[in-house]
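Undergrad: To start, I am sharing the structure in question, which I have written as C-alpha cells.
The values are calculated or read from the model by the stated rules, or taken from the named source; none is laboratory data. Computed from a prediction, not measured in an experiment: that's the story for all the values here. Here the Cβ is made from the backbone with ideal geometry for all residues, glycine too, and neighbour counts use every protein chain on show. We work out accessible area using only protein heavy atoms, side chains counted, and drop any ligands, DNA or RNA first. Shrake-Rupley method; radii C 1.70, N 1.55, O 1.52, S 1.80 Å.
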Amino acid sequence: MELTIRELTKRYGSKTALDHVNLSLQEGIYGLLGPNGAGKSTLMKIITDNLRADSGEVLMDGVPALKMGADFRRLLGYMPQQQGIYENFTARRFLYYIAALKGMEKRRAAKEVEEVAALVNLSGELDKKLGSYSGGMKQRILIAQAVLGSPKVLIFDEPTAGLDPKERIRIRNLISEIALDRIVIIATHVVSDIEFIAREILLLKEGKLIAKERPSALLKTVENQVFEIAVEEEALPEVQKRYRVGNICRDEEDTIWVRVITEKEPDGFRMRKPSPTLEDVYLHVFEE
Ligand SMILES: Nc1ncnc2c1ncn2[C@@H]1O[C@H](COP(=O)(O)OP(=O)(O)OP(=O)(O)O)[C@@H](O)[C@H]1O
Ligand SMILES: [Mg+2]
C-alpha cells in the first residue's frame, strides 16, 4: 500500500499554506510535527478530500484519489482537529450515524460499534448524550468514529489534545496497536506522543516539508549539540537571549539547569551532556 502526495500546493489569499509538498507513505505511523500555522491541518484536510488543493494530487497505489472518489473515502478514517460534535446524540447513535455514512450495513455496524467503543474504553457510556461527555471522552469517541470500519489509512489531527496523562498514554498505545497494516498519520504538538511509535517523522515548516526521517536519524542531527548548563538566576535572561533554550529545572541543591541546543559547546558553565530527544530536534529546527 502506498499513499503518494505529489506537488501539493494550497494558498489562502496571499498566504501559502502548503508549498509543493511531496510525500510517499507506506504502512506505519508517521508523526507530523510543525508549529501553529505550519500547514498540518491543511495537509490532512486535502488528503481526506475535505479541502481542494490549488495544484498537485493525492494518489493511492498510483491511482489519483479524486478519480477513486467514494472508493478512496472508504479507505479513510479521519479525526479532524476542530470537530462539531452532535451534542444531542447519544454516543451510540453518533457511531451508528457515522457507520451509515461509511456505507456499513446494520449488522456489521452493530458489531463494530461495540468493538470501537471497547477500544476507547467507552463501552459503558454509549447511551449517554455527547453533550454530557467530558473533553477527554469526546476526544475518545472521535477516535472511535475514525477507526470504525477498519480503514486502511488513518488520519488523526491532534488526537491527544486535552487528554490527561493517563488517557494520553492509553490513546498512544491504542494508536500503535491499530497501526499494523495501515498508514497512520498523526499531527501533534506533543513530541512525546510519537517519539517512540513513529516509523518516520515529518517536519512541516511554513508549508514546506523540510524532513521525513526516522526518529533515530533526526536525533543524530543534534548529536553533541544538546547541553545542560548551570545558570545563576540573574543570568537566565541573558542565557535565554543567547541560546536556544529547552527545559529549565531546579535540582535538589537549588541549582538551575538550563537545557540548550547549540552547535558550539557553551563556555564558562558547569555542564552536563544529556541524550538528545525529539524535543531538542524540534527546537533546533523551529526555534530561530
Ligand atoms: N480557511 C482559511 N482561510 C484562511 N487562511 C487559512 C484557513 N485555514 C488555514 N489558514 C492559514 O493557513 C496556514 C496553515 O494553517 P493550518 O491550520 O493548516 O496549520 P496547522 O499546522 O494545522 O496549525 P495548528 O498547529 O495551529 O493546528 C495558517 O497560516 C492559517 O492561518
Ligand atoms: Mg492544525
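Undergrad: Can you tell me how many residues in the range 180-193 are away from ligand 2 (no atom under 16 Å from the Cβ) and either of a type outside the set (Gly, Ala, Ser) or assigned to a strand (DSSP E or B) (or both)?
TA: Going through the range 180-193 one residue at a time, the tally reaches 5.
Undergrad: Another question about this same structure. Listed residues 108, 52; which is under 22 Å from residue 185 (Cβ atoms) and either of a type in the set (Lys, Arg) or not assigned by TED's automatic domain parsing to the domain that holds residue 191 (or both)?
TA: Testing whether each residue is under 22 Å from residue 185 (Cβ atoms) and either of a type in the set (Lys, Arg) or not assigned by TED's automatic domain parsing to the domain that holds residue 191 (or both) leaves just 52.
Undergrad: Tell me, which residue of the range 43-63 that is touching a residue at least 40 places away in the same chain (Cβ under 8 Å) and among the polar types (S, T, N, Q) is farthest from residue 153 (Cα to Cα)?
TA: Among them, the one singled out is 55.
Undergrad: Out of the range 36-51, which residues are more than 10 Å from ligand 2 (Cβ to nearest atom) and in contact with a Leu (Cβ under 9 Å, 6 or more places away or on another chain)?
TA: 46, 47, 48, 49
Undergrad: On to the next question. Based on what the data block shows, is residue 244 assigned by TED's automatic domain parsing to the domain that holds residue 33 and not acidic (Asp, Glu)?
TA: no
Undergrad: If we keep just the residues of the range 142-162 that are within 16 Å of ligand 1 (Cβ to nearest atom) and buried (at least 18 other Cβ atoms within 10 Å of the Cβ), which is farthest from the chain's Cα centre (by Cα)?
TA: If we take residues in the range 142-162 being within 16 Å of ligand 1 (Cβ to nearest atom) and buried (at least 18 other Cβ atoms within 10 Å of the Cβ), then 142 is farthest from the chain's Cα centre (by Cα).
Undergrad: Now a separate question. Looking at the range 62-84 only, could you name the residues that are closer than 20 Å to residue 150 by Cα, surrounded by fewer than 18 Cβ atoms within 10 Å (Cβ to Cβ) and among the small types (Gly, Ala, Ser)?
TA: 69, 70
Undergrad: Tell me which residues, restricted to the range 102-141, are of a type in the set (A, V, I, L, M), open to solvent by 20 Å² or more (accessible area, probe 1.4 Å) and over 17 Å from residue 89 (Cα atoms).
TA: Scanning the range 102-141 gives 104, 118, 119.
Undergrad: Follow-up. (1) within 13 Å of ligand 1 (Cβ to nearest atom); (2) part of a strand (DSSP E or B); (3) surrounded by 16 or more Cβ atoms within 10 Å (Cβ to Cβ): which one isn't true of residue 46, the others all being true?
TA: Single failed check for residue 46: (2).
Undergrad: Among the residues that make up the range 194-204, is at least one of them out of contact with any His (no Cβ under 9 Å at 6 or more places or on another chain), surrounded by fewer than 18 Cβ atoms within 10 Å (Cβ to Cβ) and not in a loop (DSSP other than H, G, I, E, B)?
TA: There is no residue in the range 194-204 that is out of contact with any His (no Cβ under 9 Å at 6 or more places or on another chain), surrounded by fewer than 18 Cβ atoms within 10 Å (Cβ to Cβ) and not in a loop (DSSP other than H, G, I, E, B).
Undergrad: If residue 2 satisfies all but one of (1) loosely packed, with under 14 Cβ neighbours inside 10 Å; (2) within 12 Å of ligand 1 (Cβ to nearest atom); (3) under 23 Å from residue 184 (Cβ atoms); (4) not aliphatic (A, V, I, L, M), what's the number of the condition it fails?
TA: Looking at each condition in turn, residue 2 falls short on (2).
Undergrad: Additional query: Is at least one residue of the range 162-171 under 16 Å from residue 79 (Cβ atoms) and within 16 Å of ligand 2 (Cβ to nearest atom)?
TA: Yes: one or more hits.
Undergrad: A follow-up question, please. Considering only the range 49-61, state which residues are surrounded by 19 or more Cβ atoms within 10 Å (Cβ to Cβ) and away from ligand 1 (no atom under 13 Å from the Cβ).
TA: Residues satisfying the conditions are 58, 60.
Undergrad: Considering only the range 64-84, state which residues are in a strand (DSSP E or B), away from ligand 1 (no atom under 16 Å from the Cβ) and either closer than 20 Å to residue 202 by Cα or touching a residue at least 60 places away in the same chain (Cβ under 8 Å) (or both).
TA: 76, 77
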